[in-house]
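Notes for the one structure printed next.
The values are calculated or read from the model by the stated rules, or taken from the named source; none is laboratory data. This structure is a prediction, so every number in the text was calculated from the model and none was measured. Note that we place each Cβ from the backbone using ideal geometry, even for glycine, and neighbour counts take in every protein chain shown.
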């Protein structure tokens, strides 16, 4: 089973409210209309309206597109409204943004937005789990480290097989994916590094 766009499931109400607040504030701060954000992100206007109204749980793919349009990390859309010089995310509060069919997960551990933009993820892919990610903003890079198990990373249609202790770095501005071909869970740490600036998909 390939999961391309799984929905938020943990602390859903709080995450939905935070995303609604930040998307609306970022859009209005830039003077963009709903149509403008929809066009820049490639997310439908109807979906943007539902997100800003806190009436839907946006998928990780949708969050990626909106964050790319604003030129921010996904964590910027999930964080509390108040600014903090130091931000600690307790393990129990780190949002799980992807769930595999048998217990696998993708957890966003943290991120920074200025001046660098980066995200730190923890993934567990159970045997047979797959996750396909859409293209990120041009110049985005990913570092993926396999702590336990084995993992196949597909970039531009080419498979790269990793085993315990291996690390892969690649440009992630094209469709890419992750698959556990083994018979034991794969435990993975991922860092996503994004270039500064907004990304208008219409260009």
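Listing for the model above:
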| item | result |
| --- | --- |
| Filtered residue count, the range 64-73, keeping only those that are crowded, with 23+ Cβ neighbours inside 10 Å and in a loop (DSSP other than H, G, I, E, B) | 1 |
| Any chance residue 153 is within 17 Å of the chain's Cα centre (by Cα) and not assigned by TED's automatic domain parsing to the domain that holds residue 66 | yes |
| Matching residues in the range 141-157 - criterion: being at pLDDT 95 or above and farther than 13 Å from residue 131 by Cβ | 141, 143, 145, 146, 147, 148, 149, 150, 155 |
| Verdict on residue 31 being outside any helix (DSSP H, G or I) and assigned by TED's automatic domain parsing to the domain that holds residue 134 | no |
| Test set (1) more than 20 Å from residue 58 (Cβ to Cβ); (2) free of Cβ contacts under 8 Å to residues at least 40 places away in the same chain - residue 94 fails condition number | (1) |
| Residue match in the range 77-88 (condition: out of contact with any strand residue (DSSP E or B) (no Cβ under 7 Å at 6 or more places or on another chain), at pLDDT 90 or above and surrounded by fewer than 17 Cβ atoms within 10 Å (Cβ to Cβ)) | no |
| Residue among 85, 24, 65, 40 that is touching a residue at least 24 places away in the same chain (Cβ under 8 Å) and farther than 23 Å from residue 134 by Cβ | 24 |
| Some residue of the range 7-19 being modelled with pLDDT of 90 or more and not in a helix (DSSP H, G or I) | no |
| Top-ranked residue in the range 113-139 [being assigned to a loop (DSSP other than H, G, I, E, B) and touching a helix residue (DSSP H, G or I) at 6+ places or on another chain (Cβ under 8 Å); ranked as nearest to residue 62 (Cα to Cα)] | 134 |
| Selection count where residues are surrounded by fewer than 16 Cβ atoms within 10 Å (Cβ to Cβ) and either in a strand (DSSP E or B) or not assigned by TED's automatic domain parsing to the domain that holds residue 108 (or both), scope the range 169-190 | 3 |
| Selected residue [in contact with a helix residue (DSSP H, G or I) (Cβ under 7 Å, 6 or more places away or on another chain) and surrounded by fewer than 22 Cβ atoms within 10 Å (Cβ to Cβ)] from 110, 103, 61 | 110 |
